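In what follows, a structure is listed as structure tokens, so that the remarks can point back to it.
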Amino acid sequence: MTNSANIKNIILFGPPGAGKGTQAEKLISLMGFEKVATGDFARELMNEESERGERVREAMKNGQLAPNEIINEYVAEKISNFDENKGILFDGFPRDLAQAEELEKIMEKAGRIIDKVFYIKCDEEGLIKRLEKRRLCTECGKITDTAGETCPSCGGKLIQRRDDEPEVIKKRLVEYNEKTKPVIDYFKEKGLIVEVNGDQPIEDVHKEIIQNLR
Ligand code: AMP
């Protein structure tokens, strides 16, 4: 099955703190993708009083990946409700080989293919510094790297994400290196990886992605 020429389904791939969410927002406002952001879903579930909420809370507290069956079910359901005339942008999914294989099945069912996987490659030292600095707005949900206490977009109160605390960051990077990084080879074999330099300013990362999307 192939996509019609102008519909692109893409994955933003990279370590925690690479700026996937920021790049996702920029691409969506430019090109109107449907979005699958499994980190946003995991954060929603953290507040849910249920067994799956509890399992996700436990994983996130320890810098680990949330259980695959919870994440995969969410992705499958989300895609089945998307406008088929729009491309899909995946932010933070897939994050291990089992999810990558599941994604292939889900996409096949939807009559879609993945066109490109943008691997936002970053230096690990820089990532730790970035993650420690970043804050989440309690009002609009935006992530910012501001040093202040209020959100530059809406003036809401900024907090540190629990999983951006130094001890959890280290665990998230271990989880990334062990489970998520091998997914790069999986997509490399399929010829889908486009490597982007994630250590440059946001606008330059964005330009590099756009140049490779056309
Ligand atoms: P993110 O905002 O994408 O960095 O995700 C924050 C946290 O949500 C991760 O550290 C995981 O605990 C969980 N999470 C996000 N995406 C996934 C996924 N695809 N599979 C499993 N857990 C995920």
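The values are calculated or read from the model by the stated rules, or taken from the named source; none is laboratory data. Bear in mind that the values here come from a model prediction, so they are computed numbers and not experimental data. Glycine gets a Cβ as well: all are built from the backbone with ideal geometry, and neighbour counts include every protein chain shown.
Quick notes
- Screening Gly14 against (1) of a type in the set (Gly, Ala, Ser); (2) surrounded by fewer than 14 Cβ atoms within 10 Å (Cβ to Cβ); (3) touching a residue at least 40 places away in the same chain (Cβ under 8 Å) leaves a single unmet condition, (2).
Yes/no matrix, rows are residues, columns are (1) within 15 Å of the ligand (Cβ to nearest atom); (2) among the aliphatic types (A, V, I, L, M); (3) touching a strand residue (DSSP E or B) at 6+ places or on another chain (Cβ under 6 Å); (4) under 26 Å from Glu58 (Cβ atoms):
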| residue | (1), (2), (3), (4) |
| --- | --- |
| Lys116 | no, no, yes, no |
| Arg135 | yes, no, yes, yes |
| Gly155 | no, no, no, no |
| Arg161 | yes, no, yes, yes |
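- Checked against the criterion of being more than 16 Å from Ile120 (Cβ to Cβ) and within 10 Å of the ligand (Cβ to nearest atom), the candidates Ala76, Ala66, Ala37 yield just one match: Ala66.
- Taken together, Lys20, Lys26 contain a single residue that is closer than 19 Å to Leu136 by Cβ and away from the ligand (no atom under 13 Å from the Cβ), which is Lys26.
- Residue within region 146-161 that is closer than 18 Å to Gly92 by Cβ and at pLDDT 90 or above present: no
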